[in-house]
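Structure record follows, encoded as structure tokens.
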Amino acid sequence: MKSILFQISCIFACWLMFAGCMKGPDRDIEKRIFVNRPLLDMFVDEEVQVTASPTSETFTWNSENSSVATVSQTGLVRATGAGETNIIVSCGDLQRVIPVKAIVKIPVTNISVSSASLRLFPGEVVNLMASLLPENHNEKESNIIVWETSDPSVATVSKGTVRAINSGDAIITVKLERNPSIKKEVPVRVVETVDITNEVLTNTGMPFEYVEPVSGYAPAVRWCVAADWIANETAVQNGNMDSQRGTLSLWANTTTALYPTIINGKMYQTVELEAGIYKFDVSLFLTNLDASHRAYIVAALGDELPDAGNVAQALAYTPFINGVGEADASKPTISIQFTISEKSVVSLGFLVNYSGGATNLSHISKVVLWNIR
């Protein structure tokens, strides 16, 4: 009995071995050529090694267009000219096509910066923008830009943001990290500023002082004449001094007949200045201006500010900023800078043109005059 079972087991094992060697549709393996680089994007004169497998086989390598790319019989592909072609890898009846695209390499050769040089005041911040040239560069390498300063005690820089620290000269350098020879230098001069406000101007704010209320203009308890500041008639009629806040104020409100408009309203001081460069800073307490109305900080030669239509003839001017909050800690400062070549009479102050529409107002809390040296 045991002998019979043993014979049956041997016959069954032989059948299994025979069946395992039989071919079937589910056991046919498709033969293919595998490559480590199925497509190639190359620069002209660049070389790339392509490997085919299985490595036990012998392969033949050919290029369809040798003026674009050549290939050695070891699979070394070299881009010879701009264009597109195919590398053909063959093994018997099998082929593998490797598309090749070759372009001319355009390297980064220079850097441009948004400003060639900077002249800053202590505390001033400027953002520089850097661009790699030529604009159509196509290098594959990383293009990380590095910013450096020659003297952080004069000016610092971080990702293009330059901050002036103290008076002096420094060089801001922007360069390509992978090739430091590609760089641009930006000279920075941080000027010395001397506060001459108290030497030249009077009643400069925080708070502004005022004299007796103007009779005949309502409300008389609020609208007063600012001491030491010249105000023309249209400015006086519509309020040149807010005694409740201690600010110089120019306010037009079309919802009431009391002060509906201010046409060429002017408030200013006239002073004599030596030849030099000056900066006039103004702290705004509150503004509310619609788009059709204008308010300016102005510096002009002579003993009066120009009308709004001629403001471009002034030494310097800039519009007020709109929408300033009333919180004391957030009073912004805006500035104008001007140069006079000889000792001159100069008028410094404010010019507004409110001619209808919504309520328009400007509250100035402080002024400072600097001499730049």
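Read the figures in this text as sums done on the coordinates, not as results from a lab. Since the structure is predicted, the reported quantities are computational estimates derived from the model, not experimental observations. Heads up, the Cβs are rebuilt from the backbone with ideal geometry, glycines too, and the neighbour counts pull from every protein chain shown.
Annotations for the structure displayed:
- J(HN,Hα) series, the range 342-355, from Karplus relation 6.51 cos²θ - 1.76 cosθ + 1.60, nearest Hz, glycine and proline x: 8, 4, 8, 8, 10, 9, 10, x, 10, 9, 10, 9, 10, 10
- Annotation: peptides 98-106, 144-152, ranked by per-residue average of other Cβ atoms within 10 Å with the highest first, follow the order 98-106, 144-152.
- Modelled spin labels at Thr197 and Ser341, positioned 7 Å past Cα toward Cβ, are 3.2 nm from each other.
- Size descriptors for the range 125-219 (Cα atoms only): Rg and Dmax, in that order, 23.9, 77 Å.
- Using 0.36 nm per residue and subtracting the Cα-Cα separation, the extra length available between Val146 and Ala227 on full extension is 23.8 nm.
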